[in-house]
Amino acid sequence: MSQELRNRLFQQLDSLEIIDPHTHINALKPASETLADIMGYHYYTELAHAAGMPRARIEEPGIDPKEKVRRLVENLAPLDNTIQYSWLIEMAQAFFGFEHDRLTPENWEALYDTAARQMAQQDWERQVLAKSRLRGVFLTNDFDDPLQGFDTSVYIPCLRTDDLVFHLGKPEVRQRLEKATGVAVGDGGTLRQALGKLFDHFTQKGARACAISLPPDFAPTVPHGHAAADLAVGAVWRQGVDASAERRTELSHLVFWTLAEFCRDYRLPFDLMIGVNRAVYPGGVYQGQDLYDSRVSLIQYRELFNAFPEVTFPISVLASVTNQELASYAWIFPNVATNGHWWYSNTPTFIEHDAAARLEAVPRTKQIGYYSDMYKLEFALPKFAMYKRILAKILAERYVIDRGWSEERALALGTQVLRDNTERIFPGRK
Amino acid sequence: MSQELRNRLFQQLDSLEIIDPHTHINALKPASETLADIMGYHYYTELAHAAGMPRARIEEPGIDPKEKVRRLVENLAPLDNTIQYSWLIEMAQAFFGFEHDRLTPENWEALYDTAARQMAQQDWERQVLAKSRLRGVFLTNDFDDPLQGFDTSVYIPCLRTDDLVFHLGKPEVRQRLEKATGVAVGDGGTLRQALGKLFDHFTQKGARACAISLPPDFAPTVPHGHAAADLAVGAVWRQGVDASAERRTELSHLVFWTLAEFCRDYRLPFDLMIGVNRAVYPGGVYQGQDLYDSRVSLIQYRELFNAFPEVTFPISVLASVTNQELASYAWIFPNVATNGHWWYSNTPTFIEHDAAARLEAVPRTKQIGYYSDMYKLEFALPKFAMYKRILAKILAERYVIDRGWSEERALALGTQVLRDNTERIFPGRK
Amino acid sequence: MSQELRNRLFQQLDSLEIIDPHTHINALKPASETLADIMGYHYYTELAHAAGMPRARIEEPGIDPKEKVRRLVENLAPLDNTIQYSWLIEMAQAFFGFEHDRLTPENWEALYDTAARQMAQQDWERQVLAKSRLRGVFLTNDFDDPLQGFDTSVYIPCLRTDDLVFHLGKPEVRQRLEKATGVAVGDGGTLRQALGKLFDHFTQKGARACAISLPPDFAPTVPHGHAAADLAVGAVWRQGVDASAERRTELSHLVFWTLAEFCRDYRLPFDLMIGVNRAVYPGGVYQGQDLYDSRVSLIQYRELFNAFPEVTFPISVLASVTNQELASYAWIFPNVATNGHWWYSNTPTFIEHDAAARLEAVPRTKQIGYYSDMYKLEFALPKFAMYKRILAKILAERYVIDRGWSEERALALGTQVLRDNTERIFPGRK
């Protein structure tokens, strides 16, 4: 029976110890201190806001964590259908013995207090890692992160580069760059020198990826040469965001291309997260303002993929309508890999459709099944559980039943995309 | 067992008394008089035409209804696979005791005669409403509709505004506007005055929504001020369709934006039906000429959603590839709601994919599950039945089985999107 | 039970004798001579290359077929999840009694030798046709193919026109055209004369279709008249690829439109395969360099569909996101038919979604279910088997179970789209 088969496959996938290849964990404070850290996750605040809760109630300055949770709980009923809500309940059940299937004004306080007690334990972080069977998590580090004070074999550095590509117009970003690298940037050459220092620093600290999120209209092109580079750097360094759009775009493209060159030289995969428009809804809550235009194509990255055969590009797409292109590009380009189910595509219907399409057509070695994208450690458990249930469903229905595979063979495929490919694709420096 | 579970959920959803939140019913003649009213629905004529039946055979002027049905029946076999054909058979079975599963040259005439007899009964309209468990239906009223002669608590007025936004270039539309409002329009101010009169009239008559269908390239923008408004109105009022494209576009945007302002002031939701290109196939049958370009994005409505936080925008998209954007925008914007499954997306495979994606990620209070879009009352029954079967399937498979929900909880979610949200989102004036 | 129902339907569909309406078979050498002909298919070479095998290892000049197979087998493990790999195993099992479920360095050689022995049999081609229940296959013939030396009732000619529309700038293509037709082209009139000769030749030899693949940005338009035609032909005939982009585009559109006119005059369907970008990855293996931009719309063909009501356009789309448009256009335009599941959409998840959407909304007479696109005869068996399994699944789940159809009725629908419509839509000249 398909249901029992799914359960068996899930149980086995669920027993694997894994690395989470993309998170926003703060390595100095990886786990939650109260339920407010969990319920303050933008998925809950933005959904509560979208369902009618005023932003001012959610983001009142200086609000006590317990009061914040109380307010959110009062506004959760309209979201109890969502998969994000199910993550919350699964966390509460798995970590804190919560026995209800909904969080209500009647039952939240006991959960809050239990969670606070457990989270206060010295080894809470280790408990969460162990219960979630996490061997490591990739971070998302600002380019000027000192990368100190934590175990980089568990909390694996990753150089996030959005600021460098898109925000050098801001004086504080330029200052951060010069401070972090000790390089006084003024032209193409010194900019390259500064970027190189970042790669030195990150790879010395064990970084295993470079990453960036990109808007749907971004289409990187080969830089126009030294003179153009000097011109673009000069203009932005002098005029900041007042430099002409043309110069700023040229600088974006120049920095992006230079990052790809350093990824090649330092042997780092370059995670591309393609498709987000920032601040589409400025009235939204913190981190709940971004949306997208799904009219994007990987053809925009054609020159890049051709120019850097030595760089692996693990790619995430924001919209499911781009997933077929992703599967096709990974099927043709040796340096393109599929990477997880990102953000607005991280819900079961899209994951099922997208993961099945990839499994059928992309070499098994090039698929990174899932990452949690979490800000607090507790989220890996329910998010990966969601993925593992869907993966088990696909393996059961499309491999064991439809294609006559043995359970063992199906499980080996699942293991590879869930666990093994992370090590294979992001080996780090040995 | 999943099949029995689906059936149980369907039976319970099917017992609910509902309001249909979007139709093209003529309140003065809501039900059919003969089978020709049913089979004259564009779904049958356009499919028969697409399958080879000449338009002249279908639209012969003055043709007798019975002869029209006879001709169509002769051309129905090629469509008997379609879901639209299944609506026809389900109607024939439910309303007229038809016992076959296909309508053929051999069996149509008895059905025709039975239907004609029943439709001639005084209370046929009430019978259809009762059998379909319809408590009310939203209309699609021309802006100059007197809204008289019917019970507006059952046939709920809705101000349709395509003519105002897109066709003020036509002299007859301008004349209708001036006649309906008594305002001699000549500039921005008088145009606003005229539009305001329409909102007065409609809301006094119990209208609960304003609505419009929009082409894929429409991207509304904030008006440019009084002088520009006067210029655009002046040009179109003087030159009609011969006014420059620029002026006509400005007027479209001005009217659209003004409608949104009145929706805010009169507290009416503004239904946006996004994505249709009119008259793509001018050789097609009546209402069977429109198609679309699926390259459309809700990012085009970004300024609108931000500018009118007080207006609810129930949104329908024509193509399933836009559905993920719709779900995402409703998940972020408090004023965006998902609305039904429109036209070319109103077939089971798309409904299942699109509805599941919404249920998983959009607050349950913001989803209007379905509307029939019907022209004759008899269509609500089979169209809603199709939707309810799919909704039952999603609830059974994705909630009860995959997520361990109780049947009661799943049913409550189904009830909310099928019935309750219509009242919540379109409250009308109290 | 759904699984048994699917199997029963599959068995019956699998027993039908069919015509394959689109292949790249070389009629003078239709079947394979060694396993290298099968494993040299671009699906295997490009996937092996994408998984890391160097192109030079795959395409070493003069390499022995057996050595080529040996090398590929060593690199197949990373693809053993793909549906394309399953075709290989199914062929090996069905034709050569292979008893394993994977092809490995340990077991390949025995298969190679067995295959070579069987393929060397005089009647191997007939054996393959019989075992695959193929009554005929459509070819893809260059415009200057003499169409001699084979039985055109089994190997049915099809005029492929990519070279004419897109490559007349190349001197060798112009020479081939003049040589094949005996017409010295110099202006619009002589070009039309030459094209007409091709239609004479092909239809005399039993051609049943004209076909072309088109890039995503192609949008055919009505030619601008004789003077413009003379100008475009003159420029390209004098300057070749150095003619201005404008003239070359005009010539493309002129030739395309003229082909449609001849399709009308000679009563040939015009297969449009929409959406491919050629040579996106020039470093890829032979035939493994093309990809696409999924931002394409059938609205680009609006003028064409309106201008040629007498021409049937069987349409294939490269990306599943275009499938809904295809279904909608076929539901409205009498001259648009849906045609198979092309290339990057020829994998189970996309086929299931796309075929279901078509079956529900397009008249059953206008759907060509599947074609193999094969280069060697042995591929029809596993590719059609994949399609038939999915078709059986859709018919079982969406017709018999969801809509209460009898198995017989479902089977008749399957038979029509799998077999009968090919004869109906491509009747050939009688």
Between B:Asp242 and C:Thr249, what FRET efficiency follows from the Cβ-Cβ distance if R0 is 35 Å, with the result rounded to 0.05? 0.65
Computed for segment C:272-430: size of charge dipole around the Cα centre, +1 on C-beta of each Lys and Arg, -1 on C-beta of each Asp and Glu, debye to nearest 20, value 280 debye
Inter-copy label distances at C:Glu310, 7 Å along the Cα→beta-carbon direction, one decimal in nm, shortest first? 6.2, 6.2
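Stretched out fully, how many nm does the piece from A:Arg264 to A:Gln93 gain, at 0.36 nm a residue minus the Cα gap?
Working: separation 171, 0.36 × 171 = 61.56 nm, distance 4.45 nm.
Answer, rounded to one decimal: 57.1 nm.
In which sequence would B:Lys393, A:Lys179, B:Lys205 go, from the one with the fewest C-beta neighbours within 10 Å to the one with the most?
On the way: B:Lys393 22, A:Lys179 10, B:Lys205 16.
Lowest count first: A:Lys179, B:Lys205, B:Lys393.
Using the beta-carbon distance between B:Lys205 and C:Gln287 and R0 = 56 Å, what value does 1/(1 + (r/R0)^6) give for FRET efficiency, to the nearest 0.05?
On the way: r = 65 Å, r/R0 = 1.17.
Here the calculated transfer efficiency is 0.30.
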Using amide H atoms built in the peptide plane, which far-off residues or other-chain residues are under 5 Å from C:Ser372 H to H? C:His22
Dipole in debye (nearest 20) - the protein assembly as shown, about Cα centre, beta carbon charges: Lys, Arg +1; Asp, Glu -1: 180 debye
Loop only per DSSP, at most 13 neighbouring Cβ atoms within 10 Å: give me the trypsin sites (Lys or Arg not before Pro) in segment C:277-380, ordered by residue number. C:Arg278
Helix-only estimate, please: 222 nm mean residue ellipticity of chain A, summing -39500 (n - 2.57) across DSSP H runs of length 4 or more and dividing by its residues, to the nearest 500. -14000 deg cm²/dmol
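Give me the number: length gained by fully extending A:Lys29 to A:Asp14, i.e. 0.36 nm times residue separation minus the C-alpha to C-alpha distance, one decimal in nm. Mind dumping the intermediate values first?
On the way: separation 15, 0.36 × 15 = 5.40 nm, distance 2.58 nm.
So the chain would gain 2.8 nm between A:Lys29 and A:Asp14.
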Loop-resident sites, segment C:238-274, for trypsin sites (Lys or Arg not before Pro), counting at most 16 other Cβ within 10 Å (DSSP): C:Arg267
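Find out how many positive minus negative residues lie around C:Gln300, taking Lys and Arg as positive, Asp and Glu as negative, among other residues whose Cβ is under 13 Å from that of C:Gln300.
With Lys, Arg at +1 and Asp, Glu at -1, the neighbours total -2.
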Output the antiparallel fraction of DSSP beta bridges having both residues in the protein assembly as shown, as a percent to the nearest 5. 10 percent
Just to verify a number: FRET efficiency for A:Ala219 and C:Ser406, C-beta to C-beta distance, R0 = 51 Å, to 0.05? 0.45
Can you list, shortest first in nanometers, how far B:Asp142 lies from the same residue in the other copies, with each label 7 Å from Cα toward Cβ? 6.3, 6.3
Can you grab the distance from the C-alpha centre of segment B:155-218 to the C-alpha centre of segment A:53-120, Å, no decimals? 47 Å
Can you list the distances in nanometres, one decimal and ascending, from the B:Glu407 label point to the identical position in each other copy, with the point 7 Å along Cα to Cβ? 2.9, 2.9
Cα-based count: Lys pairs in chain A below 19 Å, eight or more positions apart or different chains? 15
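Out of segment B:209-290, which chymotrypsin sites (Phe, Trp or Tyr not before Pro) are coil in DSSP terms and have no more than 16 other C-beta atoms within 10 Å? Intermediate results must be reported in sequence, preceding the final value.
Values: sites: B:Phe218, B:Trp237, B:Phe256, B:Trp257, B:Phe262, B:Tyr266, B:Phe270, B:Tyr286; in loops: B:Phe218, B:Tyr286.
Those satisfying the criteria are B:Tyr286.
Subtracting the Cα-Cα distance from 0.36 nm times the residue separation, let me have the gained length for A:Glu59 to A:Asn107 in nm, one decimal. List each step's numbers first, then the result.
Details: separation 48, 0.36 × 48 = 17.28 nm, distance 2.31 nm.
Gain in length upon complete extension: 15.0 nm.
If the only charges are +1 at each Lys and Arg Cβ and -1 at each Asp and Glu Cβ, what is the size of the charge dipole of chain B around the Cα centre, to the nearest 20 debye? Could the numbers behind the result be given before it?
Values: 47 positive and 55 negative charges, 163 e Å.
Approximately 780 debye in magnitude.
Just so you know, all these numbers are worked out from the coordinates, no wet-lab data involved. Remember, it's a predicted structure, so these values are computed and weren't measured experimentally. Cβ sites come from the backbone with ideal geometry, for glycine too, and all protein chains shown count toward neighbours.
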